[in-house]
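Novice: Just passing along the structure, written as structure tokens.
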Amino acid sequence: MPSKPTCPPSTLPRRAWLRWCGALTVAAAAAGAPAVWSQSGPIRLVSHGDTSGANANQYKPWIAGAQAVFDRANKSGGIGGRPIELIVRDTGGKPKVAEELTARSLAEDKAVAFFGFGGGPVVKAVLPLIDKAQMPLVASFSGADELRGVTPFMFHIRPGFKVEVERAARQMQTMGLERVAVAAIDRPIGTGGVAQIEKLKPQSGIEWTIVRFKEDRSDMDAAAAALMKAAPQAILVLAPSGPGVELIDRVKKAGYNGSWYGLSVLGASYTYEKLGERARGIVLTQTSPLPAAKTPFIRDDFSKLMTQAGIARPQVEHVEGYIAARVMLEALKRAGPKADSAAVVKAMESLRNFDLGGYTVDFGPDKRDGASSVFLTMIARDGKLVE
């Protein structure tokens, strides 16, 4: 059974303390360490993400896909005989909680790296701590462009939102659309997405109408009414799954019959869960191949591994977590069994054109964005994603 770090006396607020002591440990074994601590014992990775809030429906399968990779590695001896332990703690999507948990983790967890923190507001809150501690954060579960280039210790595998927005806009141009409304939440996905739309406007040949709404959803009725008034041919939703899908639901109920576009964080599974067959036809960008793609690593490894892990119906988030873990595992192998945080940073920088089997990531000493591929998908019958 995986072990947990000892639950210490805490000065954290009670809810954060409970999250800490109730940490979900996923992988196969014991401890590891940052820089000066990590010379013996199992290797520890720590992930603070949303397992109970608005992004849980995407973050949990992401973690499950990653865990399957680490479990397999541990069955084969881990890293030089040291097993890998992944600890996942729930932030509920609250930046303050993430900040508190991360500060204590840096002091006590003895991890060699952070892995898969998310979403955007959570990552933004902990970046100063990560930068000061020189702790690598690999595969943030956020596409927020404002988080890129802030610290040399953050390595991105997921492309930024602006790349997803560009891909969606290009598809709209291909479809000959002339009037598009953008529903933008007051979070990085909304603000950054709108900034990218502004850059694209002159060459797009599209008349864009921007409708902003608040994360607390207090003005959602007004946003829905504004979207209906604009009478666009299509609506691009720049919001995560919870508020984004609620807005789609309201506008559809108001009688809108046009096309819908969204980014990967809208979440196909959650969208179908809430909208049922009304979700059919919604076009979503994705930052990793689909579980049924013909990409070699999907065919030759991912599908078999998911079956072995007991995951009967993999989602695209399982694929993304798998990719992130494959990259993290390769970095740990290159860092060696006596890895510390500094060695992990150097190992990540050495991943030049690392091919997982038809999907390549490319880092370097001055390169922290490892991938730029974005895929276009659509929700079909029974919630299945198709390209």
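Novice: From largest to smallest, what semi-axes in whole angstrom does segment 116-212 give when each is the square root of 5 times an eigenvalue of its alpha carbon gyration tensor?
Specialist: 31, 13, 10
Novice: Just to confirm the number: angle between the C-alpha axis of helix 241-253 and the first principal axis of the chain, 0 to 90 degrees, nearest 10?
Specialist: Helix 241-253 and the main axis of the chain meet at about 20 degrees.
Novice: Given q = 0.35 Å⁻¹, what are the Debye log10 I(q)/I(0) values for segment 333-375, with equal point scatterers placed on the Cα positions and solvent ignored?
Specialist: -1.15
Novice: Who wins for biggest fluctuation among 52, 264, 341 in a Gaussian network model of the chain, springs between alpha carbons below 10 Å?
Specialist: 52
Novice: So for segment 36-92, considering every pair of alpha-carbon atoms, how many percent are separated by more than 18 Å?
Specialist: So the pairs more than 18 Å apart make up 42 percent of the total in segment 36-92.
Novice: If you don't mind, there's one more thing I want to ask. Candidates (1) 32; (2) 54; (3) 35; which is the computed percent of Cα pairs over 32 Å apart?
Specialist: So the calculated entry is the one marked (1).
Novice: Sticking with this one: Would you list 210, 43 from fewest to most Cβ contacts within 10 Å?
Specialist: Ranked by crowding around the Cβ, least crowded first: 210, 43.
Novice: On C-alpha positions alone, give me the angle between the axis of helix 220-230 and the longest principal axis of the chain, in degrees, nearest 10.
Specialist: Helix 220-230 and the main axis of the chain meet at about 50 degrees.
Novice: Binned at 10 Å from 0, what are the whole-percent values of the Cα-Cα distance distribution for segment 155-216, short to long?
Specialist: Pairs per bin, as whole percents: 21, 52, 23, 3.
Novice: Obtain the nm distance between the two label points defined at residue 219 and residue 108 by a simple spin-label model: each point lies 7 Å from its Cα along the Cα-to-C-beta direction.
Specialist: 4.1
Novice: Using a Gaussian network model of the chain with C-alpha springs under 10 Å, which one of 271, 307, 285 is most mobile by mean-square fluctuation?
Specialist: 307
Novice: Would you please give the residues with an amide H less than 5 Å from that of residue 113, counting only those at least 5 places away or on a separate chain, with H modeled from the backbone geometry?
Specialist: Here 46 satisfy the definition.
Novice: For the pairs 252/294; 96/274; 60/132; 75/124, flag any whose C-alpha to C-alpha distance is greater than 31 Å.
Specialist: 252/294; 75/124, as the Cα separations exceed 31 Å there.
Novice: Arranged by the count of other C-beta atoms within 10 angstrom, fewest first, what order do 318, 48 take?
Specialist: Listing 318, 48 from fewest to most nearby Cβ atoms yields 318, 48.
Novice: Rounded to the nearest 10 degrees, what's the angle between the helix 188-204 long axis and the longest principal axis of the chain, both from Cα atoms, 0 to 90?
Specialist: Helix 188-204 and the main axis of the chain meet at about 50 degrees.
Novice: Next up: Given axes a ≥ b ≥ c from the Cα gyration tensor, I'd like to know whether segment 161-286 is rounded (a/c under 1.5), prolate (a/b larger than b/c) or oblate.
Specialist: Note, shape of segment 161-286 comes out rounded.
Novice: List 260, 62, 208 from most exposed to least, where exposure is judged by having the fewest other Cβ atoms within 10 Å.
Specialist: With the sparsest Cβ surroundings first, the list reads 208, 260, 62.
Novice: Which loop GluC sites (Glu not before Pro) in segment 135-236, with loop taken from DSSP, have no more than 14 other Cβ atoms within 10 angstrom of their Cβ?
Specialist: Here the GluC sites (Glu not before Pro) that fit, given the DSSP loop and packing criteria, are 178.
Novice: Testing the spin-label approximation: label points 7 Å from Cα along Cα→Cβ at residue 212 and residue 257. State their distance in nm.
Specialist: 3.4
Values quoted throughout were computed directly from the atomic coordinates according to the rules given, and no laboratory measurement underlies them. Please read these numbers as outputs of a predicted model, since none were measured by experiment. Cβ sites come from the backbone with ideal geometry, for glycine too, and all protein chains shown count toward neighbours.
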